[in-house]
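What follows is one structure encoded as structure tokens, with my remarks underneath.
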Amino acid sequence: MRMFTCDGARNFGTVFALLLLASFGTVASVANNSFPKKLVHLVSFVFSKMFLLWALPLALYLFYQWSIATYDYFEKRNVPYVKPVPFFGQVLSFFTQGRHAVDVASEGYHMFRNTRISGVFTLRTPAYLVHDPTLYKQMATKDFDHFTDHVTDFRIETDPILARSLFFTNGAHWRQHRSGLSPAFTGSKMRSMFGLLSKSAGDAMGRLLVFAAGKPFTMELRDLYSRLGNDVMTSISFGVEVDSLTDRDNEFFLKGKRLAQIDGLPGLKFLMATTIPRVFHFFRLSGMYKDVNEFYTDAVARNIQLRETNRITRPDFIHLLLQARKNTLGAEKHEDEALQDAGFSTVKEHTLEQKMGEGKMSWTDIDIAGAAASFFFGGIETTTTLLCFTSYELAVNPDIQDRLRAEIDEQRESLADGRTPTYEVLQKMKYLDMVVSEALRRWTPLGLTNRKCTKNYTFTNTDGSQVTIERGQNISIPLKYFHLDEKFYPDPLRFDPERFADPNNINQDAYVPFGTGLRNCIGSRLALMQAKCFLFYMLSNFIIQPGSKLTIPIVLDETSAGLNAKHGFWMNLVPR
């Protein structure tokens, strides 16, 4: 809307004053300046002020009407919806940080219990929240062609790394990317990488024991696990060995910390890219710092050149992606079938049918950098979150910790050196899997996921009415609230690994820590392998106890885009 400036209002007042005065005299006399100039200026001033007095309220009224013009969308369609705040819809709390983003976006889940879906507004734009896990599974599998894309759309011009990562690609590019990467995440490939993971974790625990010198000490576990995760993922993703416990400011750790940062300004930008992507693109914002983009692009390019020049082979992601470039990356079917189950939480793999004319990924150096950086981010941030909350539950539930440690000690007796686990040993540890599965339910690292509707989709709601989600609209899936719903999990806030003693007792549609369907998390095996390996080493060497600065019950950080403790995970580590 075009607004009048003060000068514009003053000019308008002058013209109006002349017209008013002319109504009492003659146009000629006005033109001949027979009226006193002071009178003209006075009337001009009065009417300019009067104009501003009614123009501003009018402008505000018209803006208000525009801002709420779409708010009858769900009422017309007989879909329950959360009452929106004018212009802001449901997103105002994202910016005031009064509540966590996942809780704000999922507000309708408990407000409307007897519906499969409800409506929300992102500013003026209507979107949907899925309440029914069965409906989500149907959308993600059988009807996947209606929901192939994620909402977030990073641009290559501003985010060359993120825009090339699997999670943020869409359309044909995503299909090519997923098909090319799937063979890199099979059970046999994870087992081949396990040696790198185990060595890195074991060496770090050795240094931690030296630091302890046989005495208990206090440590903030998010910092510890992020450093361990950085070292492991730097080795697996980029083929570089670092020691972030000793060399605390090494470049890979500092850049990795900036890459994985999801609070403060980076977290806010990520929320904007997810909830209001048009605004994000309008201001040409980027999700990742420029220096981080340049660092990982250069690191991967140098590493590839070194390997190809010296014919270096190493069982890590760079090697697998170079195989994908040469079209030699394949799956070992017999081995993969034997190693398919990495635990209860492992997602089911789906075969993507190649469409005519899609072709295959070319896997340039920057494509490899984008893929490696996305593995790096997932391997640090989400796995660190899982380890932190698992350690918290073990600290406040010492009986569960004692039982898990007993299982670990039993397995250690069967190991050749009594301390270094194998991939197969971790896979058969029943109680360890129960603990990790329950931690993923109770503290889901990614509590909300989304999809964009790519073609109109109609389904039947609980009241028998037909609901049509129109092409281009966004849907959100509240994974956290599925996991904390007493319909599916009695006493859902209680940490109880026994829920997973018999998998038949779990509603598997309502257990989705890694999502479900064709766009589920490709790295579930890697995350589970890493988390279990760290827990194996940690409980082999230490007893975890609550520190004096630990808040019990835990208080969540509402300002973080992810899941985090407001006051940290302060624990006493007691050497065994």
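Quick one: of the DSSP bridges fully inside the chain, what percent are antiparallel, nearest 5?
For the chain, the DSSP antiparallel bridge percentage is about 90.
Among the GluC sites (Glu not before Pro) within the stretch 183-257, which fall in a DSSP loop and have no more than 16 other Cβ atoms within 10 Å of their own Cβ?
GLU241
Normalised by the empirical 2.2 N^0.38 Å for globular proteins, what value does the Cα Rg of the stretch 446-540 take?
Rounded to two decimals, the normalised Rg is 1.39.
Note the listed values [x] 26.0; [y] 39.5; [z] 26.6, then indicate which one is Kirkwood radius over Cα pairs in Å calculated from this particular structure.
Checked against the structure: label [z].
Determine which aspartates and glutamates satisfy two conditions relative to LYS76: a Cα distance under 20 Å, and not lying fewer than 8 residues away in the same chain.
ASP463, GLU470
What distance in nm lies between label points placed 7 Å from Cα along the C-beta direction at GLN305 and ASP491?
My value for the distance between the label points is 6.1 nm.
Using Cα-Cα distances under 8 Å and only pairs 6 or more residues apart, what relative contact order does the chain have, in percent?
Computed over the chain, the figure is 20 percent.
Which entries in LYS142/LYS430; LYS269/LYS326; LYS348/LYS532; LYS199/LYS549; LYS452/LYS566 show an alpha-carbon gap greater than 28 Å?
Beyond 28 Å between Cα atoms: LYS142/LYS430; LYS269/LYS326; LYS199/LYS549; LYS452/LYS566.
Using the alpha-carbon centroid of each, what span in Å lies between the stretch 215-232 and the stretch 539-576?
What the calculation gives is 11 Å, centre to centre.
Going highest first, how would you order 491-501, 312-322, 514-524 by mean Cβ packing within 10 Å?
Going from most to least packed, we get 514-524, 312-322, 491-501.
Taking just the C-alpha trace of the stretch 474-518, give me its Rg and Dmax in Å.
So, for the stretch 474-518, Rg and Dmax equal 11.3, 37 Å respectively.
Calculate what fraction, in whole %, of the accessible area of the chain sits on carbon and sulfur atoms when a 1.4 Å probe is rolled over the protein chains.
Details: 15030 of 26650 Å².
The value for the chain is 56 percent carbon and sulfur by accessible area.
Leaving out ligands and nucleic acids, note down the accessible area per residue over the stretch 212-321 with a 1.4 angstrom probe, in whole Å². Each step should come with its number before you reach the end.
Details: 5230 Å² over 110 residues.
Heavy-atom accessible area per residue stands at 48 Å².
The values are calculated or read from the model by the stated rules, or taken from the named source; none is laboratory data. The shown structure was predicted, so the numbers you read here are calculated from the model rather than taken from an experiment. Note: ideal-geometry Cβ built from the backbone for every residue, glycine included; neighbour counts use all protein chains shown. With ligands, DNA and RNA removed, areas are computed over all heavy atoms of the protein, side chains included. Shrake-Rupley method; radii C 1.70, N 1.55, O 1.52, S 1.80 Å.
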